[in-house]
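These notes are about the structure you will find just below.
FYI, it's all coordinate maths here, none of it is from the lab. Because the structure is a prediction, the values reported are computed rather than measured. Reconstructed Cβ throughout: ideal geometry from the backbone, glycine too, with neighbour counts over all protein chains shown.
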Amino acid sequence: MDMKYKSKKGLSLVISTLLIILLVLLATAIVWRVVTKMINSQIDESEACFGIFDKVKLNLEYTCYNSTSKELQFSIDLGDVEVDSVLVSVFTKEKSKSFEITTEETQIENLKNYDGSNNIKLPEKNAGLTYFYDLNGAGFSEWPKNIEIAPIVNKNQCGVSDSLNKIDDCVIFNN
């Protein structure tokens, strides 16, 4: 009778050990799956923005502030790259505003094209477009301090690809 009791005790110890090992393997598989998904999503985001920063730029020749009309003139050049949109941020000492220019024609408050039309869209590949942003209408009361652009690719906002920290008066360019 004593022998039967020892064999049952040994059998339950083996089963408990196997159950613990199975639970550890299951927990490891779940953690691995979650971590892999997170890493893959981060890789997808970084791959979307890889190699485009020098292809989405401000054209400094056509970026200035018209102190007479209180308009910020800026020009965006796109290289050989596909982007969904570009986030434009304008800063003064007192405030900042951002707006998104997409590949589809839209109307953006206080923004117009160089030709005066209000149907705004990004330039095509390997091209550029110039825009006028009415700072007075947008609630700005002082000279813009800087402008930044950040491309959006595959619904992922990339970092700032170009900026201008000292915006000259357009009068300088016209003389």
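Restricting to the stretch 76-109, and then to whatever is assigned to a strand (DSSP E or B) and touching a residue at least 60 places away in the same chain (Cβ under 8 Å), can you tell me which residue is surrounded by the fewest Cβ atoms within 10 Å (Cβ to Cβ)?
89
Would you check which residues across the stretch 116-149 are over 17 Å from residue 67 (Cβ atoms), in contact with a Lys or Arg (Cβ under 8 Å, 6 or more places away or on another chain), of a type outside the set (A, V, I, L, M) and surrounded by 14 or more Cβ atoms within 10 Å (Cβ to Cβ) and list them?
131 - this is the single residue of the stretch 116-149 that is over 17 Å from residue 67 (Cβ atoms), in contact with a Lys or Arg (Cβ under 8 Å, 6 or more places away or on another chain), of a type outside the set (A, V, I, L, M) and surrounded by 14 or more Cβ atoms within 10 Å (Cβ to Cβ).
Taking the stretch 150-175 as the search range and keeping residues that are in a loop (DSSP other than H, G, I, E, B) and in contact with a Cys (Cβ under 8 Å, 6 or more places away or on another chain), which one is surrounded by the fewest Cβ atoms within 10 Å (Cβ to Cβ)?
First, pick out the residues of the stretch 150-175 that are in a loop (DSSP other than H, G, I, E, B): 154-155, 158-161, 165-168, 175.
Okay, now just the ones that are also in contact with a Cys (Cβ under 8 Å, 6 or more places away or on another chain), so 158-159, 167-168.
Details: 158: 21, 159: 9, 167: 20, 168: 12.
So, considering only residues that are in a loop (DSSP other than H, G, I, E, B) and in contact with a Cys (Cβ under 8 Å, 6 or more places away or on another chain), the one surrounded by the fewest Cβ atoms within 10 Å (Cβ to Cβ) is 159.
Do we find a residue being within 19 Å of the chain's Cα centre (by Cα), of a type in the set (Gly, Ala, Ser) and part of a loop (DSSP other than H, G, I, E, B) anywhere in the stretch 126-137? Step through it out loud before you land on a result.
So in the stretch 126-137, the residues within 19 Å of the chain's Cα centre (by Cα) come out as none.
No, because not a single residue in the stretch 126-137 is within 19 Å of the chain's Cα centre (by Cα), of a type in the set (Gly, Ala, Ser) and part of a loop (DSSP other than H, G, I, E, B).
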